[in-house]
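Undergrad: The structure follows.
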Amino acid sequence: MADGSEYDAFVEASWHRLLRTAYLLARDWGAAEDLVQTALLKAWQAWPRLGDEREAYVRKIMVNLHVSWWRRRWRRAELTSGSPPDQAQAADHMGQADDRELVWQALGRLPARQRAVIVLRFFEDLSEAQTAATLGCSVGTVKSQASRALAKLRVDKSFAYDRRG
């Protein structure tokens, strides 16, 4: 079984980074916490085998869990059924900029795989190779998904600014 003190230290050191990544994927604080907790449970079960890339392994679990949860019809219905009670608090927590909410909304309209690439590449600052390893795909796939996602975000951003007048 895993060394509890080493695992505890890992969780304490990486919790906030993992939670931020999960929030950017799920766009909901409750779902983000569920995602991190589930991923950490799976990591605990595989702890002795993980080696030096523990945080990358947990991020990969989170991305895979998010994509599988997103694909389930009942999960999607839960996400669109209304505003969670802490949604306003989450927006305040993320920053003061007015445009930030537009970015979150545009990010949320991306397909799950493209959103994962954007979150890992630009919010987590992973290289293309690290992102590809985390997602289990080629570097070329990361590049094409990032290109498509950025093109969609540019269109969304210009539309949002045009609508504000």
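Undergrad: For the peptides 119-130, 22-33, 45-56, 100-111, what is the packing order when you average, over each peptide's residues, the other Cβ atoms within 10 Å and list the highest mean first?
TA: Sorting 119-130, 22-33, 45-56, 100-111 by mean packing, highest first, produces 22-33, 119-130, 100-111, 45-56.
Undergrad: Could the peptides 36-42, 135-141 be put in order, highest first, of the mean number of other beta-carbon atoms found within 10 Å of their residues?
TA: So the peptides 36-42, 135-141, ranked by packing, come out 36-42, 135-141.
Undergrad: Another question, then. What accessible area per residue, rounded to a whole number of Å², is obtained for the range 1-49 using a probe radius of 1.4 Å?
TA: Ligands and nucleic acids excluded, the figure is 52 Å² per residue.
Undergrad: In whole percent, and with a 1.4 Å probe on the protein chains, what portion of the accessible area of the range 6-49 is carbon and sulfur?
TA: For the range 6-49, the apolar C and S fraction of the accessible surface comes to 49 percent.
The values are calculated or read from the model by the stated rules, or taken from the named source; none is laboratory data. Computed from a predicted model, the values in this text were never measured in an experiment. Here Cβ is always computed from backbone atoms with ideal geometry, including for glycine, and neighbour counts include all displayed protein chains. All accessible areas refer to the heavy atoms of the entire protein, side chains included, with ligands and DNA or RNA removed. Shrake-Rupley method; radii C 1.70, N 1.55, O 1.52, S 1.80 Å.
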